[in-house]
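**Student:** Here's a structure for you.
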Amino acid sequence: DTGVSQDPRHKITKRGQNVTFRCDPISEHNRLYWYRQTLGQGPEFLTYFQNEAQLEKSRLLSDRFSAERPKGSFSTLEIQRTEQGDSAMYLCASSSPEGVRAFFGQGTRLTVV
Amino acid sequence: EDQVTQSPEALRLQEGESSSLNCSYTVSGLRGLFWYRQDPGKGPEFLFTLYSAGEEKEKERLKATLTKKESFLHITAPKPEDSATYLCAVQARGGAQKLVFGQGTRLTINP
């Protein structure tokens, strides 16, 4: 069990640029989640994959956000035309088919300047 | 809509001073209530899952309890290394089974 891995750990970008984050879940986990966490708040759900299918998206996920999970393995989260309000920690979590316990990665800290 | 409220927002204790953190929730069919610990700049680390009212779980100096409306995280004789933000989350039955988090309680244990 190598845990959930996220890359990069930190990203600083200029407003208007596109950014992409990667998440590698625990290998036998078929469920994958993306959350966003701002300072002093708990994580907020963004989107959910079961295998390669994206089954649920939050209203928080605007048209500038897109997520993929090709072949049901790693996942990417892309933000187009970044805005200062996108600055946050982006967390990835995975869980087994039973979905009982989610394991989180260390997150990607995005700063938009 | 599922909702979680944690109190207090921040708590300072002296080493050895026991206390409790509160998590009040509303959810359309509880599948599980989760407690996580989060250190600054890191992802949440799983502590406990509780499934039904009356259930209790313990780990070292921590004990989590659950009623139909709230959960408590009791910390007994805390040490400075217990300083962290403690997050409570609920998971509803069906659908994505996503976690709905509270805003967390920032706990500081002074030596």
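**Student:** Starting from the Cα of B:Asn22, step 7 Å along the direction of its Cβ; do the same at A:Ile12; then give the gap between the two resulting points in nm.
**Tutor:** Going from the B:Asn22 label point to the A:Ile12 one covers 4.2 nm.
**Student:** Under a cut-off of 20 Å between alpha-carbon atoms, report the lysines in cross-link reach of B:Lys63, not counting same-chain residues fewer than 8 places apart.
**Tutor:** Excluding near neighbours in sequence, the set is B:Lys79.
**Student:** Of all alpha-carbon pairs in chain B, indicate the percentage at a distance above 22 angstrom. Intermediate values should be presented prior to the final figure.
**Tutor:** On the way: 1632 of 6105 pairs.
Here the tail beyond 22 Å accounts for 27 percent of pairs.
**Student:** Let me ask you something else. Using every alpha carbon pair in chain A, what percent of pairs falls into each 5 Å bin from 0 up to the bin containing the largest distance?
**Tutor:** The calculated distribution, bin by bin, is 2, 13, 24, 26, 19, 10, 4, 1, 0.
**Student:** Another question, then. With a cut-off of 8 Å between alpha carbons and a minimum separation of six or more residues, what is the relative contact order of the range B:31-83 in percent?
**Tutor:** Values: 75 pairs, mean separation 11.7, N = 53.
Averaging sequence separation for qualifying contacts and normalising by length gives 22 percent for the range B:31-83.
**Student:** What dipole magnitude, in Debye to the nearest 20, does chain B give about its Cα centre under +1 on Lys/Arg Cβ and -1 on Asp/Glu Cβ? Spell out each step's value before the answer.
**Tutor:** Working: 14 positive and 14 negative charges, 53 e Å.
So the dipole magnitude of chain B works out to roughly 260 debye.
**Student:** I would also like to ask the following. Would you grab the residues whose amide H sits under 5 Å from the one on A:Gly107? Only those 5+ places off in sequence or on another chain, please, with H modelled 1.01 Å from N.
**Tutor:** Under 5 Å from the amide H of A:Gly107: A:Gln6, A:Cys92.
**Student:** Let me ask you something else. Give the relative contact order (percent, whole number) for chain A; include only Cα pairs under 8 Å separated by 6+ residues.
**Tutor:** On the way: 285 pairs, mean separation 42.0, N = 113.
Across chain A, relative contact order equals 37 percent.
**Student:** Taking the convex hull of the Cα atoms, report for the protein assembly as shown its projected area averaged over all directions, in nm².
**Tutor:** Values: hull surface 48.4 nm².
Mean projected area of the Cα convex hull: 12.1 nm².
**Student:** Give the lysines reachable from B:Lys68 as a straight Cα distance under 23 Å; neighbours fewer than 8 places away on the same chain don't count.
**Tutor:** Within reach: B:Lys57, B:Lys59, B:Lys98.
Taken together, the values in this text are just the output of simple stated rules run on the coordinates, not laboratory data. All of these numbers come straight from a predicted model, not from anything done at the bench. For neighbour counting, all protein chains shown are included, and Cβ atoms are generated from backbone atoms with ideal geometry for every residue, glycine included.
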